[in-house]
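Please read the structure below before turning to the comments.
The values are calculated or read from the model by the stated rules, or taken from the named source; none is laboratory data. Since the model is a prediction, treat every value here as computed from it, not as a measurement. Here Cβ is always computed from backbone atoms with ideal geometry, including for glycine, and neighbour counts include all displayed protein chains. These area figures cover heavy atoms from the full protein model, side chains too; ligands, DNA and RNA do not enter into them. Shrake-Rupley method; radii C 1.70, N 1.55, O 1.52, S 1.80 Å.
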Amino acid sequence: MSSTVKTNKRILALDILRGVTIAGMIMVNNPGTWAHIYAPLRHAEWNGLTPTDLVFPFFMFIMGISTYIALSKFHFQASGSVVRKILKRTLVILCIGWAIHWFHFICDGDFFPFAHLRLTGVLPRIALCYCVVSFVALYVNHKYIGWIIGFLIAGYAVLLYIGNGYAPDDTNLLAIIDRNVLGADHLYHKSPIDPEGLTSTLSAIAHTLIGFCCGKIILAKEALEQKTLKLFVAGFILMACGFL
């Protein structure tokens, strides 16, 4: 009986979004041949948007919702056990990400690539965003999260504007900061700017917090029509701001 109740509490829409996102990830990672790829299956060089560029943000959004669901079980109250769980999960995800980079070097015969092992990447970014958002959820009044999102996005936009942040080259302020903080040897080498760099993680944190806020709406004790309307309006406003 308890198993049935637990299963019924799953959010079907979230599971569907996970499945669609994973299907999209598989498709863009396996386009058939890298010599001839359909334009929508390519990433934008830097400043731009294609359907492929939506896959990773979908994962961040999903993680934000899942973080709200997970921490709501503890009523967003910080405790030693909760903090340890967050830190442990963050460390595990980081280590898995670094191990994947390490495995790539091992396949090339380099068993000790610590001097040039990439520290950034998809899983390290997921780990950092999860950790930051979890601690924000525990230690910050939730009514201020919207302001934090706005501050991060606006601040990041200003940083891009004043720091040549729309240019995909070495003069980009994001690339300069990442090189000085992490070192060029520990960054992505296939483009001048690390797509999962340390500085650009600020906007990813904001994105994860948006998912967190949507999780709050989804779990609210309101009529489905009201929750759907709120999500639709929020999504429309955010898309309009994004296009602007």
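Between TYR38 and HIS75, how high is the FRET efficiency from 1/(1 + (r/R0)^6) when r is the Cβ-Cβ distance and R₀ = 51 Å? Nearest 0.05. Mind showing how you got there, number by number?
Details: r = 47 Å, r/R0 = 0.93.
Working from the Cβ atoms, E equals 0.60.
Select from VAL158, ASN141, PHE111 the residue farthest towards the positive end of the dipole of region 49-162; place +1 on Cβ of Lys and Arg, -1 on Cβ of Asp and Glu, and compute about the Cα centre.
Toward the positive end, the furthest listed residue is ASN141.
Which whole-Hz ³J(HN,Hα) couplings does region 45-52 yield from phi under the Karplus relation 6.51 cos²θ - 1.76 cosθ + 1.60, θ = phi - 60°, glycine and proline marked x?
Going residue by residue, I get 4, 7, 8, x, 8, 10, x, 5 Hz, with x marking Gly and Pro.
For the chain, find the longest principal axis of its Cα atoms and tell me its angle to the long axis of helix 201-219, 0 to 90°, nearest 10.
So the helix axis and the longest Cα principal axis differ by about 20 degrees.
Show TYR130, TYR166, TYR139, TYR161 ordered by accessible area, largest first, where the area counts protein heavy atoms only and the probe is 1.4 Å. Intermediate results must be reported in sequence, preceding the final value.
Details: TYR130 25, TYR166 110, TYR139 140, TYR161 180 Å².
Order by accessible area, largest first: TYR161, TYR139, TYR166, TYR130.
Roughly to the nearest percent, how much of the accessible area of the chain is carbon and sulfur, given a 1.4 Å probe? Spell out each step's value before the answer.
Values: 10690 of 15350 Å².
Heavy-atom surface of the chain belonging to carbon and sulfur, 1.4 Å probe: 70 percent.
Report, in debye and to the nearest 20, how large the dipole of region 41-188 comes out about its Cα centre when Lys and Arg carry +1 and Asp and Glu carry -1 on their Cβ. Before the final figure, lay out the partial values.
Values: 10 positive and 8 negative charges, 184 e Å.
Roughly 880 debye for region 41-188.
At a probe size of 1.4 Å, how large is the accessible area of THR50, to the nearest 10 Å²?
Rounded to the nearest 10, the figure is 30 Å².
For the full complex of protein chains and a 1.4 angstrom probe, list TRP102, TRP34, TRP147 by accessible area with the highest value first.
In descending accessible area the options line up as TRP147, TRP34, TRP102.
Any idea what angle helix 12-29 forms with the longest principal axis of the chain, computed on alpha-carbon atoms, 0 to 90 degrees, nearest 10?
10 degrees
I'd like to compare 23-32, 195-204: which one has the highest average count of other Cβ atoms within 10 Å, and what's the full order after that? Kindly include the intermediate steps, with their values, before the conclusion.
Details: 23-32: 13.5, 195-204: 19.7.
For the peptides 23-32, 195-204, the packing ranking is 195-204, 23-32.
By accessible area of protein heavy atoms, probe 1.4 Å, what ranking do GLU45, GLU222 get, highest first? Present the calculation step by step, with values, prior to reporting the outcome.
Working: GLU45 155, GLU222 80 Å².
Order by accessible area, largest first: GLU45, GLU222.
In region 118-244, how many lysine pairs have Cα atoms under 28 Å apart, counting only pairs 8 or more places apart or on different chains?
Values: LYS143/LYS216; LYS143/LYS221; LYS143/LYS227; LYS143/LYS230; LYS216/LYS227; LYS216/LYS230; LYS221/LYS230.
Final tally of qualifying lysine pairs is 7.
At 7 Å along Cα-to-Cβ for each site, give me the label-to-label distance between ASP170 and TRP46 in nm.
Each label point is offset 7 Å from its Cα along the Cβ direction, giving 1.3 nm.
Which one, GLN77, PRO51, THR67, is farthest towards the positive end of the dipole of region 37-135 when Lys and Arg carry +1 and Asp and Glu -1 on their Cβ?
About the Cα centre, the residue reaching furthest to the positive side is GLN77.
What number, rounded to the nearest 500 deg cm²/dmol, is the helix-based mean residue ellipticity at 222 nm of the chain, given -39500 (n - 2.57) per DSSP H run of at least four residues and division by all its residues? Can you show the working numbers first?
Numbers: 9 runs with 156 residues, N = 244.
Calculated mean residue ellipticity at 222 nm is -21500 deg cm²/dmol.
Relative to the present Cα-Cα distance, how much length would full extension add between PHE135 and VAL233 at 0.36 nm per residue of separation? Write down the numbers at each step before the final one.
Working: separation 98, 0.36 × 98 = 35.28 nm, distance 2.75 nm.
Gain in length upon complete extension: 32.5 nm.
Relative to the longest principal Cα axis of the chain, at what angle does helix 122-139 sit, 0 to 90 degrees, rounded to 10?
40 degrees
Which stretch or stretches of region 114-131 have amide N atoms under 14 Å from the point lying 7 Å from ARG89's Cα along the Cα→Cβ direction?
From region 114-131, the list is 126-131.
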